[in-house]
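*Asks:* The following block contains the structure, expressed as structure tokens.
The values are calculated or read from the model by the stated rules, or taken from the named source; none is laboratory data. Note that this is a predicted model, so its numbers are computed, not measured. Using ideal geometry, Cβ is built from the backbone for each residue, glycine included, and neighbour counts are taken over all protein chains shown.
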Amino acid sequence: MVEFDLAVVGAGPAGLSAAVTAAEHGLRVALVDAGTQPGGQFWRHPDEQHPRPDEGRGQHLWSRFTDLRARLHGLESAAATTGRIELVSGHQVWFVEPAGEGFALHLTAVHGETRLPRVRAAALVLCPGGYDRQLPVPGWELPGVMAAGGVQALLKAHRSVAGRRAVVAGTGPFLLPVATGLAEAGAEVVAICEAGSLSGWARRPIDAAAVPSKALEAVEYAALLAKHRIPYRMRTVVTAIHGETEVGAVSVGRLDRSGRLRTDVSLPDLDVDLVAFGWGFTPSLELITAVGASTRVDVDESLVANVDDWQRTDVPGAYVAGEATGVGGALLAIAEGELAALAASRDAGRPVSEASVRRLQRQIARGRRFAAAMHRAHPVPAGWQDWLRQDTTVCRCEETTLGEICDARRELGATDARTVKLLARPGMGWCQGRVCGFAAAKLAKPVGEALTTSDLAPLAKRTFAAPVSLETLATAPTESDGAT
Amino acid sequence: MPGTHPDVVVIGAGALGAATAWFATRAGLTVEVVERGSIVSGTTSACEGNLLVSDKEAGPELDLALLSHQLWRGELGEFGGLWEFEEKGGLVVAATAGGMAGLTELTERQRAAGIDVREVAADEIHDFEPHLTPDLAGAAFYPQDCQVQPMLMAAHLLRLARELGARVRTGTTVTGFLRDGDRVTGVRTDRGDIAAGHVVNAAGTWAGELAALAGVEVPVLPRRGFILVTEPLPPTVFHKVYAGEYVASTQSSDEGLQTSTVIEGTRAGTVLIGSSRERVGFDRTVSLPALREIAGKALALYPGLAPVALMRTYLGFRPYCPDHLPVIGTDPRAPGLAHVAGHEGAGIGLSVGSAKLLVEAMTGATPTIDITPFRPERFSLQEVS
């Protein structure tokens, strides 16, 4: 049994920053990560076992990563008395159990491990990150349709290009690195279809200017789009995907100012073999709800953790940093991770720099304003249901169609997302609603009604934060067994 | 809600409320169902949908189960497809010779009471369930054991009742009762009063609290249970399979954690693995020791399930009464009020028989079977005569 002052879950920008900062303040830290090497989705990179000089190619804030990584490796071999990090890679947390005043994290075993790993810590910083939000569209179950983040993960980790002719569609600034990454890797990107009009940015110049590095990024992307002749089409959406056994073409449509599909504009189909979709991000809330922390709905209608201005949740000893407090990008996540670590260190009785705390709090406030402006400029368009058909699959795991969801509401009297799920099964399958949850929750309500915590929270609660086998569960040690 | 004056207000839109709404509308009554949450949002959405005769001994609950079985196959038979009704049969297995001796004694009593049950020798078990462990002493097969998808069942019964004129109001909380002396003449809700000839308490695990609002004691208490749900699998478990100790545990009144194995496949391909029983009030904390014990016992029966992934769990609160019998009938302590609740883990299967008996009692029809063992006032020290 291992005892730690702090367990950090997730080794992306927020978690790495939290773990390193906490250990540098003298805490004994366990850094638990599903990946085989630190970096998370944002800094996913080729296998470090086979070092290559260009490992940072296509990355952003890469020097922040290499700095954190160097400090992490130093802290892995530091003396326990002065603060140390134990990196627990390749393990997912599948259950959190209360352990005295602290927490016990139950981890999935990796091949060859006979004892199930468990990490006990007095406090937790949860940095689970998020994944691409998806919306259903006719044909999206065809091979060749991918999440934008999945396309990028293949590029970053394996330098592998998921298709030869691609359309990158959805909304938000994340479409840009995916499109330019594909083009740099040799794919032809026939268009970026951005549903937003971006006029929102101009209306809130102060918010957009709050984070100067973002303006710089925009200039870099503009140059790359020009270099690769990638058309950036605003108020444009993919309305259907065609193909017999795989993607062959997509239909596109134009939105009006209110985000509804224009019927007076007809655009030609695009021949593609890859569609990369991203409609913003969905934070992973499993561990936040598992520890009993309260949640709220953010500007982008994502369920996120409630934190105070020290990244504390309302559960003593549980802190959250990064996308799970509100999607806002890597810079914000790094700052939040650092602040969460300072808060945890201070709460554990360690001295921390008040000036650092205030600097981080200001930086986070700026980052939040920027994120809110970004979300307002890139909303899910009001008309996203306009191009669905009754036979469009909404839940790909359970093959639930829009028509079946409508029947659950109209015929059977389901009045909320949970009841629709119980009666028509969207979100009941393999991914447990991680992909279709947002869309299914929207479809369970009258068109145009905003989602509330009571819509999203029941769907985000998952007993098992990761799938676990019957054998693992049957042999799991639990806190009720006493000391082992 | 001005202007509505139904014959019956049913409180609760779970399995019992839905079945009551259906039988009452079929009997020609006007019905309004009020539900504080959404339809099928309570225990109905956290259970397996068992219609078992195999776990019953001769007595009033078995009579109710046999009546319900008749209704599921008869009057409601035409709708079976809507709620995935399946007469798959139950297989009760015994691990030891001693356990098999006990099971044989039970089956003899059950056969005498009218249950169709066949003994299965150890070497025949494989023909029923090829993936069961070979280390079993024997089994008993109950062809009458059935399964429904409980949420679809309740939702469709409510829909059928609505098609006959019933109204269903969700998001409506009963805050009190309209009274005329002792008599209950309707309900007060957070959305207005509803006057009615009869008020039916079908509030499931919360029926005791609701009865208290009317000033009568109906001791319905929560008994927490978990069910594990696997990833979808090719057909693996063909019947309701459970361990012989299950019957004992349903009748037990122990406080602590008890688990006994019940395993079945569903139409969706998932395998449901139960069961646990704990008296912990309405505590919704997920208990790893309970989940672990359920998993361990399931693997003892189906070792091949070891690598199968679990996707989720159900957590529900069975409504139980101290004598393990449900409460069904009109309440002489508060005329106008009736109850149909407290079926513990058998409410889905027994819902239709219970609702039919209750509607007979409310309309003065001759009861199909004796309803007095279920009378709501039986827990009072001095029963009202």
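*Asks:* Name the residues in segment B:1-17 that are outside any loop (DSSP other than H, G, I, E, B) and in contact with a Lys or Arg (Cβ under 9 Å, 6 or more places away or on another chain), would you?
*Replies:* Matches in segment B:1-17: B:Ile11 only.
*Asks:* So, restricting to strands (runs of 3 or more DSSP E) that lie completely within segment B:296-385, which ones have at least 1 residues that are assigned by TED's automatic domain parsing to the domain that holds B:Thr20 and over 16 Å from the mean Cα position of the chain (by Cα)?
*Replies:* B:327-330, B:337-341
*Asks:* Take residues that are of a type outside the set (Ser, Thr, Tyr) and crowded, with 20+ Cβ neighbours inside 10 Å and tell me which of the strands (runs of 3 or more DSSP E) falling wholly in segment A:291-344 contain 3 or more.
*Replies:* A:303-305
*Asks:* Taking the options A:Thr453, A:Thr419, A:Thr475, A:Thr393, name whichever one is within 11 Å of chain B (Cβ to nearest Cβ), in contact with a Ser or Thr (Cβ under 7 Å, 6 or more places away or on another chain) and of a type outside the set (Gly, Ala, Ser).
*Replies:* When all the criteria are applied, what remains is A:Thr419.
*Asks:* Please verify whether A:Leu459 is crowded, with 20+ Cβ neighbours inside 10 Å, farther than 26 Å from A:Asp132 by Cβ and within 13 Å of chain B (Cβ to nearest Cβ), treating the condition exactly as stated.
*Replies:* So A:Leu459 does not fit the description; no.
*Asks:* Need the failing condition index for B:Ser275 against (1) more than 15 Å from B:Val229 (Cβ to Cβ); (2) buried (at least 24 other Cβ atoms within 10 Å of the Cβ); (3) touching a strand residue (DSSP E or B) at 6+ places or on another chain (Cβ under 9 Å); (4) away from every other protein chain (no Cβ under 14 Å), just the number.
*Replies:* (1)
*Asks:* Another question, then. Say we look at segment B:217-238 and pick out the residues that are assigned to a loop (DSSP other than H, G, I, E, B) and buried (at least 23 other Cβ atoms within 10 Å of the Cβ); which of these is nearest to the other protein chains (Cβ to nearest Cβ)?
*Replies:* Taking the candidates together, the pick is B:Val237.
*Asks:* Next up: Only one of these is surrounded by 13 or more Cβ atoms within 10 Å (Cβ to Cβ) and part of a loop (DSSP other than H, G, I, E, B): A:His50, A:His45. Name it.
*Replies:* A:His45
*Asks:* Quick one: is B:Thr133 surrounded by fewer than 23 Cβ atoms within 10 Å (Cβ to Cβ) and within 20 Å of A:Arg418 (Cβ to Cβ)?
*Replies:* no
*Asks:* Inspect segment A:259-275 for any residue being surrounded by fewer than 24 Cβ atoms within 10 Å (Cβ to Cβ), in the same structural domain as A:Glu194 (by the TED database) and basic (Lys, Arg) and give the result as yes or no.
*Replies:* The answer is yes, given that some residue of segment A:259-275 is surrounded by fewer than 24 Cβ atoms within 10 Å (Cβ to Cβ), in the same structural domain as A:Glu194 (by the TED database) and basic (Lys, Arg).
*Asks:* Now for a different question. Within the group A:Gly317, A:Gly329, A:Gly278, A:Gly337, which residue is within 30 Å of A:Glu244 (Cβ to Cβ), in contact with a helix residue (DSSP H, G or I) (Cβ under 9 Å, 6 or more places away or on another chain) and not aliphatic (A, V, I, L, M)?
*Replies:* Matching residue, one of A:Gly317, A:Gly329, A:Gly278, A:Gly337: A:Gly278.
*Asks:* Check every one of the helices (runs of 4 or more DSSP H) wholly within segment A:384-484 and list those with 1 or more residues that are basic (Lys, Arg).
*Replies:* A:402-410, A:417-424, A:437-443
*Asks:* In addition: Checking A:Glu398 against (1) within 14 Å of another protein chain (Cβ to nearest Cβ); (2) among the acidic types (Asp, Glu); (3) out of contact with any Pro (no Cβ under 8 Å at 6 or more places or on another chain), only one condition comes out false. Which one?
*Replies:* (3)
*Asks:* Collect the residues in segment B:144-161 that are within 21 Å of B:Leu64 (Cβ to Cβ) and under 14 Å from the mean Cα position of the chain (by Cα), keeping them in residue-number order.
*Replies:* Within segment B:144-161, B:Asp145, B:Cys146, B:Gln147, B:Val148, B:Pro150, B:Met153, B:Ala154 qualify.
*Asks:* Looking at (1) touching a Gly at 6+ places or on another chain (Cβ under 9 Å); (2) surrounded by fewer than 21 Cβ atoms within 10 Å (Cβ to Cβ); (3) more than 9 Å from chain A (Cβ to nearest Cβ), which is the one condition that is false for B:Val280?
*Replies:* The single condition B:Val280 does not satisfy is (1).
*Asks:* Sticking with this structure for a sec: In segment B:268-299, what count of residues is obtained for those that are closer than 28 Å to B:Pro235 by Cα and touching a residue at least 24 places away in the same chain (Cβ under 8 Å)?
*Replies:* 17
*Asks:* Here are A:Ala444, A:Ala439: which of them is in contact (Cβ under 8 Å) with a residue 12 or more places away in the chain, surrounded by 23 or more Cβ atoms within 10 Å (Cβ to Cβ), among the aliphatic types (A, V, I, L, M) and away from chain B (no Cβ under 14 Å)?
*Replies:* Exactly one of A:Ala444, A:Ala439 is in contact (Cβ under 8 Å) with a residue 12 or more places away in the chain, surrounded by 23 or more Cβ atoms within 10 Å (Cβ to Cβ), among the aliphatic types (A, V, I, L, M) and away from chain B (no Cβ under 14 Å), namely A:Ala439.
*Asks:* Sticking with this structure for a sec: Hey, can you tell me all the residues within segment B:173-201 that are surrounded by 18 or more Cβ atoms within 10 Å (Cβ to Cβ), touching an Asp or Glu at 6+ places or on another chain (Cβ under 9 Å) and either within 11 Å of chain A (Cβ to nearest Cβ) or in a strand (DSSP E or B) (or both)?
*Replies:* Within segment B:173-201, B:Val174, B:Val184, B:Gly186, B:Val187, B:Ile194, B:His198, B:Asn201 meet the criteria.
*Asks:* Of a type in the set (Asp, Glu), at pLDDT 95 or above and more than 19 Å from A:Trp387 (Cα to Cα): which single residue out of A:Glu188, A:Glu194 fits that description?
*Replies:* The conditions single out A:Glu188.
*Asks:* While we're here: Select from segment B:283-318 the residues that are more than 9 Å from chain A (Cβ to nearest Cβ) and of a type in the set (Asp, Glu) and list them in ascending order.
*Replies:* Listed by number, the list holds a single entry, B:Asp283.
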